[in-house]
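Below is one structure, written out as structure tokens; comments come after it.
The values are calculated or read from the model by the stated rules, or taken from the named source; none is laboratory data. All figures in this text were calculated on a predicted structure; none of them were measured in a lab. Every residue, glycine as well, gets a Cβ built from its backbone with ideal geometry; the counts of neighbours run over all protein chains shown. Only protein heavy atoms, including side chains, enter the accessible area calculation; ligands, DNA and RNA are left aside. Shrake-Rupley method; radii C 1.70, N 1.55, O 1.52, S 1.80 Å.
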Amino acid sequence: MKKHNFSAGPSILSEYTIKNTADAILNFANTGLSLLEVSHRGKEFVAVMDEAQQLVKELLDVPEGYHVLYLGGGASLQFCMAPYNLLRSKAGYLDTGTWAANAIKEARLFGEVEVLASSKEANYTYYPKGYEVPEDLDYFHITTNNTIYGTELRTDPDVKVPLIADMSSDIFSRPVDVSKYDLIYAGAQKNLGPAGATLVIVKEDALGKVDRQIPTMLDYRTHIKKGSMFNTPPVLPVFSSLQTLRYYKELGGVKEMEKRDLAKAALLYDAIDSSKMFVGTVTDPDSRSIMNVTFVMTPEYKELEKDFVDFCAARGIVGIKGHRSVGGFRASLYNALPIESVQALVDAMKEFEKAH
Ligand SMILES: *Cc1c(COP(=O)(O)O)cnc(C)c1O
């Protein structure tokens, strides 16, 4: 039986995505060959890449002048690739968690970094507000969803400088005003496909403004020029991502995904808020993520946390153990997770609380 998969990443994929990928591994596009053994330059895979780029444009309403790429190296490579291509003298960053801090560390190799706000002193339990964004920055970098800490910014900030966003763990969970961004990137393994591909949406006009030499593979222009086929792209992850994108489109696009995600998150947060045993870790209600819900047991029940993980596992509920830097529990409610799984978790919480 399929388990209720709350893993933070790699994470649940739709049955549609997994089944079509499995089929293509056996016989890809009626070629009589496996997806794993065909040339990425064959017309069948070129069609996959084209549609996988096109559907991102359609689903996120990407304006003219932007390119969609599928690159290797994970979101973590974008932490250096973004400043390599876009940082001339000074950039502003929000320090909202481990991933944001990693991005800041890499950017400092290329120029001055001003941390405009940080919630680090509170173990990242809220998303900073009320900071100023100076107008002399080359760009302002944000992490829209902090996967480990369960905080999220669900709006596109209005700033006078170019925006860059790591949307690894909440892309396709809401409509995004792409025109506000020079660069958006996301590792596939949360809301799109298996690990191995990184989705990049980049504005052409933003490139070519730095003086430094950029290694060929780290230059966005290389991949734009070659339609994400300069070198062998991650063939299987791109194929699977395309299946997910088709699935999103069929369901009604990102507006529909948002509606479903909000309903799932409300169900779980209501259960946490009405419990005497469980408590959310995010202190500011506006900062709560609808993708990763982090919670712990109150001090008097604390020693039961491990028991609860086992109690859930016996019910087919997996992946709820919190990241070691937060502890407790983290339930990731990515797009592919059905609300029935959230209901199963909520039922388990209620039953466990009653039994103790
Ligand atoms: C998972 C994650 C990353 C890291 O992605 P990799 O593909 O493993 O490099 C970066 N940022 C955020 C917000 C993430 O959730």
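Here are some notes:
- Filtered by the rule that a residue be more than 14 Å from VAL178 (Cα to Cα) and among the aliphatic types (A, V, I, L, M), the stretch 52-89 gives ALA52, LEU55, LEU69, LEU71, ALA75, LEU77, MET81, ALA82, LEU86, LEU87.
- From the options LEU183, LEU207, LEU218, residue that is surrounded by 24 or more Cβ atoms within 10 Å (Cβ to Cβ) and not assigned by TED's automatic domain parsing to the domain that holds ALA265: LEU183
- PHE352 vs. criteria open to solvent by less than 10 Å² (accessible area, probe 1.4 Å) and touching a residue at least 40 places away in the same chain (Cβ under 8 Å): yes
- Inter-residue pairs, beta-carbon under 7 Å, first farther than 17 Å from GLY72 by Cβ and in the stretch 166-190, second open to solvent by less than 10 Å² (accessible area, probe 1.4 Å) and among the charged types (D, E, K, R), 6+ apart: ASP170/GLU152; SER173/ASP261
- Strands (runs of 3 or more DSSP E) (entirely within the stretch 251-344) containing at least 1 residues that are open to solvent by 50 Å² or more (accessible area, probe 1.4 Å): 278-280
- Filtered residue count, the stretch 113-131, keeping only those that are touching a Leu at 6+ places or on another chain (Cβ under 8 Å) and free of Cβ contacts under 8 Å to residues at least 12 places away in the same chain: 0
- For the stretch 70-82, the condition holds for no residue, the condition being that it is away from the ligand (no atom under 16 Å from the Cβ), modelled with pLDDT of 95 or more and of a type outside the set (Phe, Trp, Tyr).
- Residues that are away from the ligand (no atom under 14 Å from the Cβ), within 25 Å of GLU114 (Cα to Cα) and open to solvent by less than 30 Å² (accessible area, probe 1.4 Å) do not occur anywhere in the stretch 232-250.
For every residue, the table says whether it meets (1) over 26 Å from LEU36 (Cα atoms); (2) over 17 Å from the mean Cα position of the chain (by Cα).
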site: ASP205; (1), (2): yes, yes
site: LEU218; (1), (2): no, yes
site: PHE239; (1), (2): no, yes
site: THR244; (1), (2): no, no
site: LEU251; (1), (2): yes, yes
site: ALA265; (1), (2): yes, no
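- Test: residue in the stretch 151-158 that is out of contact with any strand residue (DSSP E or B) (no Cβ under 8 Å at 6 or more places or on another chain) and within 16 Å of the ligand (Cβ to nearest atom): yes
- Scanning the stretch 168-186 for residues that are assigned to a strand (DSSP E or B) and closer than 17 Å to LEU59 by Cα gives TYR181, LEU183, ILE184, TYR185, ALA186.
- Condition met for ALA101 (within 14 Å of HIS141 (Cα to Cα) and without any contact (Cβ under 8 Å) to a residue 24 or more places away in the chain): yes
- Restricting the first member to the stretch 17-29 and to residues that are closer than 11 Å to TYR247 by Cβ, and the second to residues that are part of a helix (DSSP H, G or I), the beta-carbon pairs closer than 6 Å and six or more apart or on different chains are THR17/SER240; THR17/GLN243; THR17/THR244; ASN20/GLN243.
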